[in-house]
Amino acid sequence: MLARVAENLYWMARYLERAEDTARLVNATTLMLMDMPRGASFGWEGLLKVVGLDEAFHRLYDEASETAVMSFLIQDERNPSSIFTCVRHARENTRTFREVLPRESWEWVNELYLYASTHMAHALDRRKRLEVLTEIIRRRQAVVGLLAGTMSRDEAFQFMRLGRNVERADMTTRVLDVSYAINLPYQNSQYYDIVWMSVLHALSAHQMYRRHVGVRATGHKVLAFLLNDVQFPRSVRHCLHEIQSALDELPGAEPMRCLQGMLSLVEGADFRTLAGRGLHEFCDDIQARLADLNEVISRTYFRAAHPQKMTQTLFSLV
Amino acid sequence: MKIDCGHYPLMGGFDELLEAPGKPRDGAGGLCDFFAELPADELEARHRAVDAAIMAAGITFTVYSEAGNIDRTWPFDVVPRILPKAEWDRIEAGLKQRLAALNRFIDDIYHERNIIRDGVFPAEVLADSKNFREACIGANPPFDVWAHICGTDLVRDGDGTVYVLEDNLRVPSGVSYMLENRQLMKRLFPELFARYDVLPVDDYTAQLHDMLAALSPRAGERPEIAVLTPGIYNSAYFEHSYLAQQMGAHLVEGSDLVVLDDDCVYMKTIEGLTRLDVIYRRVDDEFIDPEVFRADSALGVPGLMRAWKQGKVGIANAPGSGVADDKVVYAYVPDMIRYYLGEEAILPNVPSYLCMNEAECEYVLANLDKLVVKPANESGGYGMLVGPKSTAEERAQFAELIRANPRNYMAQPTLSLSTVPTLCEDAIEPRHVDLRPFVLQSKDFYVTHGGLTRVALRRGSLVVNSSQGGGSKDTWIVQGSTPC
């Protein structure tokens, strides 16, 4: 497999995962907003911090109003991580390796892009937002399903799997980290449950949590579920296992060594303590290790593509 | 809107579907009936569906313009062009004959040059050739074949004669659109295919693969084959990636490849370097190897020519093939066929006047308003003068160009290209078409069933190039004269 193609596959999967995760996050936030007391000033600033884009935002906008933040996260092409930019990048990347994917993949990614380019503006309106973003998620999931159902588990597939899970693990720790910080003031209020529930919602984890853990969203249980559950596909541990199986199919030993440390960290964590203090540092640590892993993956597999040039990066995360 | 062949306004020339209003040609009756029975709103609905399908499939080509490069969707017309199998058989034989002679010519030019010594081909044409490559002298590609993929442009004149207009031997494009057009037609009018025996076209990519595999320097079941593209911003990038995908080949850019001291070509992969056997290059000669050709090229691979000349890698089309893709050399193809094969050309050339010959040049200059003047080495319809549509000023300008460099110009009478009914703004109107079949040669020959029919979408226009507002149609080679 060509190094350049491997790199584009990896990033295409990251872009699509980021687009979907951001869409889910925005949807969950919009819904949660409706549960909050009307006088409460909602932390739009906080949402920007979750995705690590607060600084980038303030270079372009003055005030973090709902309109500005939504526009920035959903459709602003100046934001390298906006849903639309991610979809556009994913499409551009897909164009460069159409030959390695099942034929419809390109068509579906292209259709996702065409949908996004005509509908994103509607998502600024609260009434339409849910519908448009849900359609983005649906179309992205269709691509995932298509690949799962029609593509050989070859190297190309493994690179997409790597990209998807590195991105997803990163997003999970970010949502956890920041939602927790935002929610801290409500620790002892009537909104306590809602707050932890909203974390679950932001990661589309509430239903599986209820089914496998319980109805009440208790701090340490939520943490254990989102960080260490083996079965839930958005938990950090599950993502790491996915990365592990993808690496098993690829040459090179260094990425695997890098992964092992992270796995032990997650498996050995004490979630009761973390629910009280140290969660921020813990999440930071995981994010730094994910960035290291990304670096090692680039060095191991993509370097042949351009020995001097920097590899593709999304400025906010890695 | 309805497609009503009975009230179709013929243009006076040769129409591919109708002999006269209401009178379909052999094989076209079923098609006319089908369209006549199709309710108007149904046709429009299907037309919209096909536009959406083209958009979704991202079938695009890039148009270079001053305002930047625009990715345009492929303009496709729903009315197919039909050719009876019996007529096609003759054309196919003519195409093989022509490519066989052209390959003998190229091989001769880079070796003994018997054809010049024997006075059949003038040495001065070669001396002025822009596409002759010194570096290719003495090279011995497999099977002595240089041009493996040829896109021959055919046109039909008013009296029904099919002529060869040009031989595209460098990096001819368009075959992916031929394949896509058929896919679209099947989606759009499945019931039509039940009425007709249309010869399938989708065998092409398998044939292309086998043709390329035969060029592999290493014995083995699965040679490593790659399509070399200039990259995503090339106008034919869609086709490059399409062909790579269909053949299960790698799609590479110059920077993905490296030639090592052993003169073999390697791909940069996730596991390091992997040897490459055959390159289907879609990069012009001048750019493929900065060590030999343009040193400033970032599209090529340093050392590629070295590897090719030593037989360590197969390249299609071979570097230097373009020497026979020249509108002046074209005029000598019937002579080549006689000289190398001892046969008469099955497909005639369009009568051509070479400005390098004084008498012919005088004739051209005196008749600029009636002729089409073409530069020898341009492609894509650039730099042409279409006499009957030109202004006095343009003609004066061309006369100067011709006098300054007569070798670089040739002229042909303006043909009244045949027409095919075409769905226009609000009616079915005749539009001029040409036909580009694709011919393969390495170990064996292969000719596509039909080819890409390009259509000049503007009324009366003769320019079919997609870069200049042309569209395309599906082309049907139909078995038997009466459809069931």
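The values are calculated or read from the model by the stated rules, or taken from the named source; none is laboratory data. Not measured: the values here are computed from a predicted model. Virtual Cβ from ideal backbone geometry, glycine too; neighbours counted across all protein chains shown.
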In the range B:195-211, is there at least one residue being over 25 Å from B:GLY450 (Cα atoms), at pLDDT below 90 and surrounded by fewer than 17 Cβ atoms within 10 Å (Cβ to Cβ)? no
Would the range A:154-161 turn up any residue that is within 20 Å of B:MET55 (Cβ to Cβ), part of a helix (DSSP H, G or I), within 14 Å of chain B (Cβ to nearest Cβ) and without any contact (Cβ under 8 Å) to a residue 24 or more places away in the chain? no
Residue set B:TYR242, B:TYR237, B:TYR266; condition touching a residue at least 40 places away in the same chain (Cβ under 8 Å) and either in contact with a Leu (Cβ under 8 Å, 6 or more places away or on another chain) or more than 14 Å from chain A (Cβ to nearest Cβ) (or both); output residue B:TYR242
Can you tell me which of (1) in a helix (DSSP H, G or I); (2) touching a Cys at 6+ places or on another chain (Cβ under 9 Å); (3) not aromatic (Phe, Trp, Tyr) is the one B:PRO319 doesn't meet? (1)
Suppose we keep only residues that are in a loop (DSSP other than H, G, I, E, B) and under 20 Å from A:LEU274 (Cβ atoms) within the range A:208-222. Which one would you say is modelled with the highest pLDDT? A:VAL213
Residue list for the range A:221-238, restricted to those being surrounded by 24 or more Cβ atoms within 10 Å (Cβ to Cβ) and closer than 19 Å to A:ASN294 by Cα: A:SER235, A:VAL236
With the structure loaded, tell me whether B:VAL364 is touching a Leu at 6+ places or on another chain (Cβ under 9 Å), under 24 Å from B:SER173 (Cα atoms) and surrounded by 15 or more Cβ atoms within 10 Å (Cβ to Cβ) or whether it fails that test. no
Yes or no: the range B:423-432 includes at least one residue that is surrounded by fewer than 24 Cβ atoms within 10 Å (Cβ to Cβ), in a loop (DSSP other than H, G, I, E, B) and either of a type outside the set (D, E, K, R) or in contact with a helix residue (DSSP H, G or I) (Cβ under 6 Å, 6 or more places away or on another chain) (or both). yes
Within the range B:227-250, how many residues turn out to be surrounded by 22 or more Cβ atoms within 10 Å (Cβ to Cβ) and either over 21 Å from the mean Cα position of the chain (by Cα) or more than 27 Å from B:TYR204 (Cα to Cα) (or both)? 2
Residue that is nearest to the other protein chains (Cβ to nearest Cβ), among those in the range B:269-278 that are at pLDDT 95 or above and buried (at least 22 other Cβ atoms within 10 Å of the Cβ): B:LEU276
Of the residues B:LEU184, B:LEU208, B:LEU192, which is aliphatic (A, V, I, L, M) and away from chain A (no Cβ under 14 Å)? B:LEU192
Selection from the range A:239-253 of residues that are in a helix (DSSP H, G or I) and surrounded by fewer than 20 Cβ atoms within 10 Å (Cβ to Cβ): A:HIS241, A:GLU242, A:GLN244, A:SER245, A:ASP248
Can you pull out the residues in the range B:375-418 that are part of a helix (DSSP H, G or I) and touching an Asp or Glu at 6+ places or on another chain (Cβ under 8 Å)? B:GLY387, B:PRO388, B:ARG395, B:ARG407, B:ASN408
If the requirement is being touching a Cys at 6+ places or on another chain (Cβ under 6 Å) and not assigned by TED's automatic domain parsing to the domain that holds A:VAL199, which of these qualifies: A:ARG14, A:ARG18, A:ARG78? A:ARG18
Scanning the range A:201-222 for residues that are among the hydrophobic types (A, V, I, L, M, F, W, C) and under 16 Å from A:ILE137 (Cβ atoms), which turns out farthest from the chain's Cα centre (by Cα)? A:ALA205
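The rows are residues; the columns are (1) away from chain A (no Cβ under 14 Å); (2) of a type in the set (A, V, I, L, M, F, W, C).
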{"residue": "B:VAL258", "(1), (2)": "no, yes"}
{"residue": "B:TYR280", "(1), (2)": "no, no"}
{"residue": "B:ASP289", "(1), (2)": "yes, no"}
{"residue": "B:ALA295", "(1), (2)": "yes, yes"}
Residue under question is B:ASP284, and the condition is that it be of a type in the set (D, E, K, R), surrounded by fewer than 18 Cβ atoms within 10 Å (Cβ to Cβ) and away from chain A (no Cβ under 14 Å); does it hold? no
I need the full set of residues from the range B:125-165 which are assigned to a helix (DSSP H, G or I), over 24 Å from B:PRO406 (Cβ atoms) and in contact (Cβ under 8 Å) with a residue 60 or more places away in the chain, in order please. B:ALA135, B:CYS136, B:PRO142, B:PHE143
